[in-house]
Each structure stands twice: as structure tokens, then as C-alpha cells.
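Engineer: Mind looking over this structure? Questions follow.
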Amino acid sequence: MSFFDYPTGEFDPVEQPAAQYLLADASEQDWADLLRYTRTRRFGSGEIVISRGITDRTLFLIVEGTLEVLVPQTRGGSMRRVATLGAGSVIGELSFFDGEGRSASVRATTAGELAELNIADFDAMAAQHPDLARRFLLDLGRILAQRLRLTVESPAAAG
């Protein structure tokens with residue numbers, strides 16, 4: 001059994017591909033070790049949990065609830081949803097890696113909970129659990145690669 005109760009049925013590739021899950025093969029001990037370095041954050045339906053442009057080197061593990069990722073549709077115009085993510089997914093990984101401003105806003109569509117991991121706490125975890133840290137970073141890289149592929153291969157990107 002893992003920390004997240006991952007679905008075992010078919011995945012909707014638009015909403016939540018299987019490849020979006022972080023450390024799907026991690027043990028309960030791995031999750032306990034990782035979560036010791038996180039902070040819990042509750043959110044309500046409709047709440048903005050990440051604001052586009054804000055600089056922050058924290059990434060978020062979705063423990064429960066559903067979030068939608070929003071990007072500007074036009075300059076200064078309305079926002080459009082590019083993804084819907086649920087428990088087991090990670091958000092905020094770009095800024096975690098590069099320290100730049102957030103590339104999208106993220107809004108809760110249900111109430112839920114996040115586990116926040118900032119870069120300093122990741123460094124502390126890596127010092128104590130280097131193998132887990134290596135697996136964590138490789139899995140984040142895999143998720144980033146999959147998200148890039150989905151973006152590049154999407155019909156909107158082609159047009």
C-alpha cells in the first residue's frame with residue numbers, strides 16, 4: 001500500500017495521466033520519511049492555492065482534493081484550464097527547480113489538503129535520505145517530461 005490511494009482503473013489522459021503520479025511505487029516508510037519534511041495546508045473550494053507570477057521555491061503534493069491549473073487565455077484576459085489534478089499529483093515543480101515566478105495559477109475545485117515542501121526542507125531531507133531524494137528528483141523530472149510532451153503534442157500547441 002502507498003501513501004496515496006492511486007486509482008487502479010482507466011486514466012483519462014486529459015484530466016490525470018498515470019504518469020502524473022509522484023513516487024507511485026514508494027513504500028509507506030518512504031512517504032513517512034518524506035512527509036516529515038513537509039507542512040500541511042488545507043484549502044477550500046474556489047481558493048487560489050498558487051498565483052501566477054509569484055516567486056516561491058515550494059512544491060506541493062496533493063494529498064486530497066482536486067485542483068485546476070489555469071493560464072491566461074489572452075493578454076490580460078480570462079484564464080483557461082489546462083489541467084485538472086487530484087491526490088497523488090504534484091504542482092509547483094517548475095519554480096521549485098528554477099526559482100522563477102509561477103507559470104500558472106492553481107485553483108481548488110474541491111476542498112482538500114496539500115503537503116508543502118520547500119527547497120530548504122528538501123535539502124534537509126536529502127541529507128538524511130539521499131536515495132529517497134534521488135528517486136524523488138528523478139520522478140519529478142519524469143513528471144516534467146511527461147507534462148512537456150502533453151503540451152507539445154496537444155492540438156492547441158500545433159496550431
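The values are calculated or read from the model by the stated rules, or taken from the named source; none is laboratory data. What you see is a predicted model, and the numbers here were worked out from it, not measured in a lab. Because the Cβ atoms are built from the backbone with ideal geometry, glycine has one as well, and the counts that use them run over all protein chains shown.
Engineer: Out of (1) among the aliphatic types (A, V, I, L, M); (2) over 14 Å from V49 (Cα atoms); (3) surrounded by fewer than 18 Cβ atoms within 10 Å (Cβ to Cβ), the odd one out for L132 is which?
Structural biologist: (3)
Engineer: Here is a further query. Does L61 satisfy being farther than 20 Å from D30 by Cβ and either outside any loop (DSSP other than H, G, I, E, B) or under 12 Å from the mean Cα position of the chain (by Cα) (or both)?
Structural biologist: No.
Engineer: Among (1) closer than 18 Å to R39 by Cβ; (2) among the small types (G, A, S); (3) within 17 Å of the chain's Cα centre (by Cα), where does A120 come up short?
Structural biologist: For A120, the failing item is (3).
Engineer: Here's something else I'd like to know. Here's a check for you: in region 20-63, which residue that is buried (at least 16 other Cβ atoms within 10 Å of the Cβ) and out of contact with any Leu (no Cβ under 9 Å at 6 or more places or on another chain) is nearest to D121 (Cα to Cα)?
Structural biologist: Filtering first and then ranking leaves R57.
Yes or no, residue by residue, for (1) surrounded by fewer than 19 Cβ atoms within 10 Å (Cβ to Cβ); (2) closer than 12 Å to I50 by Cβ:
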| residue | (1), (2) |
| --- | --- |
| L70 | no, yes |
| Q73 | yes, no |
| R80 | yes, no |
| A87 | no, no |
| S95 | no, yes |
| D98 | yes, no |
| A104 | no, yes |
| A108 | no, yes |
| A120 | yes, no |
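Engineer: How many of the residues making up region 13-51 are at pLDDT 95 or above and part of a loop (DSSP other than H, G, I, E, B)?
Structural biologist: So the answer is 8.
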